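Heads up: the structure comes next, in structure tokens.
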Amino acid sequence: MRNYKHLRVSPTYFIVISLFYSTCLFAQQNNKQANSQNDFWEKVQFGGGIGLGFGSGYTDISLAPSAIYNFNQYVALGLGAQYKYLKQKDFYASHLYGASIIGLLNPIQEIQISAELEQLRVNVNLDGTRSNSQNFWNTALFIGAGYRSGYATVGARYNILSDRNSIYGSAFMPFVRVYF
């Protein structure tokens, strides 16, 4: 049996070794945290729409930014904001603003199915009188499908909550959706 009494290990040696290993462990932990944050932003896509329409005494300007988070290649969920200004000369001016939640399902790469809940505040000022101005909330629930290629999806959606008082001219609407 060997005698190890002549080997003495100084406390400094233990401190240096402990610091070395703890630094390695913290570095690995910080790397995992940084990677998880990077993984989150790699799955986020930004997009939306911009619209401009001008005619004889008519103006239509809209801005609708949105962002989605891709849980995997099949499912994404996102939020959007919307602002729209409409004006018909000598008749009315309207401001619409609000938010939406969108869910996307891609059963195959080329097909996209969507459900979008939209809540808009509508402010309509009729020209010539303030007493006929209207302020109300409009809720829409769109179910849609489209063909997807690259960053863009072209399709149609249907507002299942549509009635004769809806702010939209029709319950059925085409769309172009782009996310980068």
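Nothing in this text is a laboratory measurement; each read-out follows from the coordinates by a stated rule. Small disclaimer: the values here were computed from a predicted structure and weren't measured. Because the Cβ atoms are built from the backbone with ideal geometry, glycine has one as well, and the counts that use them run over all protein chains shown.
The residue that is farthest from the chain's Cα centre (by Cα), among those in segment 69-112 that are outside any strand (DSSP E or B) and farther than 25 Å from T139 by Cα, is D90. Condition check: of a type outside the set (V, I, T) and surrounded by fewer than 10 Cβ atoms within 10 Å (Cβ to Cβ). Does L96 satisfy that? The answer is no for L96. For segment 48-64: of the residues being of a type in the set (S, T, Y) and surrounded by 12 or more Cβ atoms within 10 Å (Cβ to Cβ), which is farthest from Q82 (Cα to Cα)? Among those residues, the one meeting the criterion is Y58.
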